[in-house]
1. Rounded to two decimals, what ratio of Rg to Rh does segment 53-117 give with C-alpha atoms and a Kirkwood Rh?
2. What FRET efficiency do you get for residue 130 and residue 72 if R0 is 22 Å and r is their Cβ-Cβ distance, rounded to the nearest 0.05?
3. Just to confirm the filter: which GluC sites (Glu not before Pro) across segment 73-144 are DSSP coil and have at most 13 other Cβ within 10 angstrom of their Cβ?
4. Dipole size in debye (nearest 20) for segment 1-113 around its Cα centre, Lys and Arg Cβ +1, Asp and Glu Cβ -1?
5. Show me 3-10, 44-51 ranked by packing, highest mean number of other Cβ atoms within 10 Å first.
6. Excluding residues on the same chain fewer than 8 positions from residue 17, give the lysines whose Cα lies under 29 Å from its Cα.
7. Per the 1.4 Å probe, what fraction of the accessible area of segment 17-151, in percent, lies on carbon and sulfur atoms?
8. Mark the label point 7 Å from the Cα of residue 48 along Cα→Cβ and return the residues of segment 91-114 whose backbone N is within less than 17 Å of it.
Amino acid sequence: MELALTKRFLLACQEAKTIVERQPRLPQGMKPGHVRVLDTIHQLSQQQEQVRAGDVGRAMGITRPSITRLTHKLVEMGCVEQKQLEEDRRVFLVELTAKGEKIYDYYVRQFHQWFNGQLVQVSPSDLEAAIRVIHQAAAVMEQVPERFEQAEKGE
């Protein structure tokens, strides 16, 4: 592969970062991962009667401690209600509060619908290819050699 193409790809990744940064500003204390949890809880609640915190973690591909930490923060923010399952006290059910639904509606449903409408000229196969390449590049970046991790190597 030509080096110039790799350089163009890295520039496009910088543009992609700008796309993420231009999404609507989240409420204070909320991070993109929190919105992703709200989205996952919403999606799961459309498919099943009760949503367990573990279901959310599995759907997102994250560990139990991570989903516990995220869920507790969302409970503190008033976005999620958490209840212990009566028959098994180790299991916690989660559901969106009115505030959580409002945040989901604005930051996921409305914004994603708007953005989807802006991408009508991009074919689904191109979007799928972009997603695949970004995932592959992210996996490669997980293995950056230590020699590139120091900030000032250009001397």
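The values are calculated or read from the model by the stated rules, or taken from the named source; none is laboratory data. Quantities reported herein were computed from a predicted structural model and do not represent experimental measurements. Quick reminder, even Gly has a Cβ in these numbers, built from the backbone with ideal geometry, and neighbours come from all protein chains shown. For accessibility, only protein heavy atoms count, side chains too; no ligands or nucleic acids. Shrake-Rupley method; radii C 1.70, N 1.55, O 1.52, S 1.80 Å.
1. Numbers: Rg = 13.6 Å, Rh = 12.9 Å.
Reported Rg/Rh, Kirkwood definition of Rh: 1.05.
2. Values: r = 34 Å, r/R0 = 1.56.
For residue 130 and residue 72, the calculated efficiency is 0.05.
3. Working: sites: 76, 81, 86, 87, 95, 101, 128, 142; in loops: 86, 87, 142.
For GluC sites (Glu not before Pro) across segment 73-144 that sit outside H, G, I, E and B with at most 13 neighbouring Cβ atoms in 10 Å, the list reads 86, 87, 142.
4. Details: 18 positive and 14 negative charges, 99 e Å.
The dipole of segment 1-113 has a size of about 480 debye.
5. Working: 3-10: 9.9, 44-51: 12.6.
For the peptides 3-10, 44-51, the packing ranking is 44-51, 3-10.
6. 7, 31, 73, 99, 102, 153
7. Numbers: 5220 of 10030 Å².
It is 52 percent, rounded to a whole number.
8. 91-96
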